[in-house]
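Participant: Can you read through this structure? Questions will come right after.
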Amino acid sequence: MCSRIGCLATALVLALSISLAAQTSPIATSPTTSQSSKSQIKKVPAPYTSPSSGKDMYIAYCASCHGQDGMGNGPAAPALKTRPTDLTLLAVKNDGKFPDSHIAEVIKGDKLTAAHGNKEMPVWGPVFLTLGHHDTAQVQMRIHNLTTYLESIQQK
């Protein structure tokens, strides 16, 4: 009995050691990726934020590409093929009227734009659905509050 427990403990320690080493050691890269001057985007799961705060959602989900100020200058922007949209000019580009229904459709994924339709830009509707445990009312609240926040940062 003791030898069986000892073997299991040894196997567990060995598995954890290998797992930890794999997580902390630098990843071997091919010459094309290690010598590339272009940044790599690290994909991570979307963190949970309150659906009631458009600003918190913007910071968590959008600012890495669009920037804290919404001008398309986030830290991940240089790694993208297409420069992120300056979200402060949405109303200016729409004859002074903020296109709230269009923006809500783009965020949800009902209307794809070039940036939202490729693998660089996530479509948030399915992500919000997962975060809200498939509660469609919460998805609508998230989209509404995020859209309202975007309206609040428009240049006059």
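Participant: Express the relative contact order of the stretch 54-152 as a whole percentage, based on alpha carbon pairs under 8 Å and six or more residues apart in sequence. Before the final figure, lay out the partial values.
Facilitator: Details: 109 pairs, mean separation 25.1, N = 99.
Over the stretch 54-152, the number comes to 25 percent.
Participant: Students often get this wrong, so check it: of 81/111; 111/156; 81/156, which have C-alpha atoms separated by over 22 Å? Walk me through the intermediate numbers first.
Facilitator: Working: 81/111 20 Å; 111/156 26 Å; 81/156 29 Å.
The pairs that break the limit, which is 22 Å between Cα atoms, are 111/156; 81/156.
Participant: Calculate, for residue 60 and residue 123, the FRET efficiency according to 1/(1 + (r/R0)^6) with r their C-beta to C-beta distance and R0 22 Å; round to the nearest 0.05. Walk me through the numbers on the way to the answer.
Facilitator: Details: r = 16 Å, r/R0 = 0.72.
The formula returns an efficiency of 0.90 here.
Participant: Work out how much length residue 69 to residue 81 would gain on full extension: take 0.36 nm times their residue separation and subtract the Cα-Cα distance, in nm to one decimal. Could the numbers behind the result be given before it?
Facilitator: Details: separation 12, 0.36 × 12 = 4.32 nm, distance 2.06 nm.
Taking residue 69 through residue 81 to full extension adds about 2.3 nm, to one decimal.
Participant: Oh, and also: Return, ordered by residue number, the residues of the stretch 122-148 whose backbone nitrogen is under 15 Å from a label point located 7 Å along Cα→Cβ of residue 50.
Facilitator: 142, 145-146
Participant: Determine, for each peptide in 88-96, 70-78, 54-62, the mean count of other beta carbons within 10 angstrom over its residues, then list the peptides with the highest first.
Facilitator: On the way: 88-96: 13.9, 70-78: 16.8, 54-62: 19.0.
Highest-to-lowest ranking by the protection proxy: 54-62, 70-78, 88-96.
Participant: Can you grab the distance from the C-alpha centre of the stretch 49-108 to the C-alpha centre of the stretch 130-156, Å, no decimals?
Facilitator: A separation of 12 Å, based on Cα centres.
Bear in mind these aren't lab numbers, they're just calculated from the coordinates by the rules spelled out. Remember, it's a predicted structure, so these values are computed and weren't measured experimentally. FYI the Cβ positions are ideal-geometry reconstructions off the backbone, even for glycines, and counts take in every protein chain you see.
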